[in-house]
């Protein structure tokens with residue numbers, strides 16, 4: 001990246017061994033001393049700070065500062081972020097099941113916060129990441145080489161999932177991928193658990209019950225459409241029509257992306273983070289509409 005550019009953002013497709021574990025990798029580089037950005041209501045993130053640091057202010061107002069290795073728990077709301085540069089960041093967007101297999105921390109109990117790496121990873125794993133980041137910072141390795149150790153850590157699946165829970169989450173993701181406005185009745189009909197169990201499992205993996213899961217992804221999808229003008233007008237009209245009025249659209253997009261619709265410009269890192277590839281199967285209806 002030329003030193004005159006504010007930042008460079010790139011999506012890196014995960015390799016086959018990461019299927020079902022990592023939605024995507026992303027690489028962010030900036031020479032600017034400070035960039036203020038918004039982080040959408042994402043699934044959990046595992047991030048290596050090759051250079052620079054992050055300062056994140058969550059929706060409840062508390063602020064946390066990152067180290068070299070960042071575990072950002074699932075976010076139920078957008079957060080504000082300061083990137084202290086020059087910075088080089090390699091991140092992995094984890095699937096909802098991968099977070100539980102890695103950390104075994106329910107999203108309704110642990111969310112919108114940074115998790116100390118030593119509570120999830122062993123000292124040898126942390127030291128290996130720090131050494132790899134140092135090699136990248138010294139120009140001895142490309143930042144993409146960090147993808148492999150990230151995959152290895154997540155693929156270790158250190159916490160076994162309840163098979164019934166996995167089936168329900170797969171059903172929820174398939175339900176979200178069915179279309180832009182799937183019915184709650186269709187979801188309940190697709191699982192072999194009671195409504196109460198369905199709500200409890202959704203809270204563990206998504207942080208909220210199914211109706212709120214759909215609300216969050218509807219807002220993220222609307223933001224994806226607004227941030228990517230190349231998407232078809234048909235999809236745009238269909239998605240935006242699902243909102244009662246403009247005020248509800250603006251409120252939900254601000255709640256889950258940290259931006260208003262008019263602020264979703266291509267020259268923002270947060271617009272890159274709204275690439276459908278970063279949101280897994282739940283963004284499938286939008287990804288399918290990309291030219």
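The values are calculated or read from the model by the stated rules, or taken from the named source; none is laboratory data. Here the structure is a predicted model, which is why all the values come from computation and not from measurement. A quick note on method: Cβ atoms are made from the backbone with ideal geometry, for glycine too, and the neighbour counts reach across all protein chains shown.
Filtering 53, 10, 6 for residues that are assigned to a loop (DSSP other than H, G, I, E, B) and in contact with a strand residue (DSSP E or B) (Cβ under 8 Å, 6 or more places away or on another chain) leaves a single hit, 6.
Given the options 131, 137, 127, 156, name the one that is surrounded by fewer than 17 Cβ atoms within 10 Å (Cβ to Cβ), at pLDDT below 95 and touching a strand residue (DSSP E or B) at 6+ places or on another chain (Cβ under 6 Å).
137
Residues in the stretch 169-191 that are under 17 Å from residue 204 (Cβ atoms) and more than 20 Å from the chain's Cα centre (by Cα): 187, 191.
If only one of 226, 187, 180, 239 is in the same structural domain as residue 275 (by TED's automatic domain parsing), in contact with a helix residue (DSSP H, G or I) (Cβ under 6 Å, 6 or more places away or on another chain) and part of a loop (DSSP other than H, G, I, E, B), which one is it?
Among 226, 187, 180, 239, only 180 is in the same structural domain as residue 275 (by TED's automatic domain parsing), in contact with a helix residue (DSSP H, G or I) (Cβ under 6 Å, 6 or more places away or on another chain) and part of a loop (DSSP other than H, G, I, E, B).
Is it the case that residue 216 is closer than 23 Å to residue 104 by Cα and in contact (Cβ under 8 Å) with a residue 40 or more places away in the chain? For residue 216, the condition - closer than 23 Å to residue 104 by Cα and in contact (Cβ under 8 Å) with a residue 40 or more places away in the chain - is met. Only one entry in 74, 17 is under 25 Å from residue 129 (Cα atoms), assigned to a loop (DSSP other than H, G, I, E, B) and in the same structural domain as residue 134 (by TED's automatic domain parsing), namely 74. Looking only at residues of the stretch 69-79 that are free of Cβ contacts under 8 Å to residues at least 60 places away in the same chain and under 22 Å from residue 157 (Cβ atoms), we find that the one that is surrounded by the most Cβ atoms within 10 Å (Cβ to Cβ) is 72.
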